[in-house]
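Just so you know, all these numbers are worked out from the coordinates, no wet-lab data involved. Remember, it's a predicted structure, so these values are computed and weren't measured experimentally. Please note: Cβ atoms are built from the backbone with ideal geometry, for glycine as well, and neighbour counts cover all protein chains shown.
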Amino acid sequence: MQSPPPENKTDVNANRELSESLHANVNQKLIGAFKGTEKEELINANSTEIPVTIYTPVDVDKSKLVIFFHGGGWTVNSRRTHQTMVNMIADATNTTWINVEYRRGPEYKFPIWWNDVYQVTKYIIENKQSYGVDSSAKVGVAGESCGALMAAGLCHAMKNIDFQILVSGILDLHRTAPSYKEFTHQMYFLTPEILDWLTLSAFDNMKDLDDPRIAVMQNKSFEGLPPCLFIVSELDPLHDDSYEYQKLLDKAGVQTKLVLIKGVLHGFFSVPGIYPKACADVIINIKEFMGSL
């Protein structure tokens, strides 16, 4: 969920504040329900300090750890907009989730935000025991929308990620799939105009859309990638990307599972206060997927 582009597109801060306010309002009844501990930390990465929030449930399972990247077109949302849902998943799976605040456009464009998540992920994996898990713990990456693309890209760039959870992912930045032409009306929320604005906010050079770090469908090999759970929102211009990427992974022998959440728009994942049943379905499937690893 992100608000539409402001009339003055340089006023992105107003859009960010509006998004955080909207999320806080619609998720109000669920905020503060997390039963575990919440800790803020700064990780030195990419010549700066990247804020992360660590959610550790009571009696945590020390065999798994998940690193999460929020959506919002690399521009609008924050780890706060997605906190409620991440809290709920951490509780349900009884595992530690680390919510990462990478730098956003238009102030910081590609590859800055990519390098942020790469270096933070590398640090967490190398120091996972400091986050309360066992030395043998499996580390997974998860993300929603553009965060899903970063999670998928990391699985190509790094060999020590054990699983991936991709929610409503934009996995082809050229937007060639039929669903991009099917869901163009404003009622579907993520219009072509908003997608164009977000892309221009996140990239200086459109040639970067083919950079192998994020052009995940253009990779030459998909063999050896970690098991992948796809969560797909039905009424979403990004809908077809997950199906196309799953085909590539399946052909390479990667373990995959795809779950279609019917009747929901792009961005439903961060607002369980509006979509309680759909988000409950997501949580059940994430719990089952992680339990199968």
Per the filter on region 19-60, residues part of a loop (DSSP other than H, G, I, E, B) and under 21 Å from the mean Cα position of the chain (by Cα) are ASN27, LEU30, ILE31, PHE34, ASN46, PRO57
Condition first: buried (at least 19 other Cβ atoms within 10 Å of the Cβ) and within 17 Å of ILE89 (Cα to Cα). Now tell me which residues in region 24-58 satisfy that. ASN27, PHE34, VAL52, THR53, ILE54, TYR55, THR56, PRO57
Consider GLY273 against the criteria (1) of a type outside the set (A, V, I, L, M); (2) assigned to a helix (DSSP H, G or I); (3) more than 17 Å from the chain's Cα centre (by Cα): it satisfies all of them except one. Which criterion is unmet? (2)
Could you say whether any residue in region 243-263 is in contact (Cβ under 8 Å) with a residue 60 or more places away in the chain, under 14 Å from CYS146 (Cβ atoms) and out of contact with any Phe, Trp or Tyr (no Cβ under 6 Å at 6 or more places or on another chain)? no
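Of these, LEU293, LEU229, which one is within 27 Å of MET158 (Cα to Cα), of a type in the set (A, V, I, L, M, F, W, C), in contact (Cβ under 8 Å) with a residue 40 or more places away in the chain and in contact with a helix residue (DSSP H, G or I) (Cβ under 6 Å, 6 or more places away or on another chain)?
Selected residue: LEU229, the only one of LEU293, LEU229 that is within 27 Å of MET158 (Cα to Cα), of a type in the set (A, V, I, L, M, F, W, C), in contact (Cβ under 8 Å) with a residue 40 or more places away in the chain and in contact with a helix residue (DSSP H, G or I) (Cβ under 6 Å, 6 or more places away or on another chain).
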Pairs, first crowded, with 16+ Cβ neighbours inside 10 Å in region 109-130, second among the basic types (Lys, Arg), C-beta under 6 Å, six or more apart: ILE112/ARG103; TRP113/ARG103; TRP114/ARG213; ASP116/ARG103
Those residues that are farther than 20 Å from GLU41 by Cβ and among the acidic types (Asp, Glu), I need them from region 128-144; list them, please. GLU144
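Only helices (runs of 4 or more DSSP H) wholly contained in region 111-189 count here; list those with 2 or more residues that are under 16 Å from the mean Cα position of the chain (by Cα).
112-126, 146-157
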Close pairs (7 angstrom Cβ cut-off, 6 or more residues apart or separate chains): at positive phi in region 131-142, in a strand (DSSP E or B) anywhere: GLY132/THR56; GLY132/THR96
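Would you confirm whether any residue within region 77-88 is touching a residue at least 12 places away in the same chain (Cβ under 8 Å), assigned to a strand (DSSP E or B), surrounded by 20 or more Cβ atoms within 10 Å (Cβ to Cβ) and of a type in the set (A, V, I, L, M)?
no
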State whether one or more residues within region 136-150 are over 24 Å from VAL60 (Cβ atoms), of a type in the set (Ser, Thr, Tyr) and surrounded by 18 or more Cβ atoms within 10 Å (Cβ to Cβ). yes
Sole miss for ARG213 among (1) crowded, with 19+ Cβ neighbours inside 10 Å; (2) not in a strand (DSSP E or B) is condition (1)
Picking from SER145, SER179, the residue that is touching an Asp or Glu at 6+ places or on another chain (Cβ under 6 Å) and hydroxyl-bearing (Ser, Thr, Tyr) would be SER179
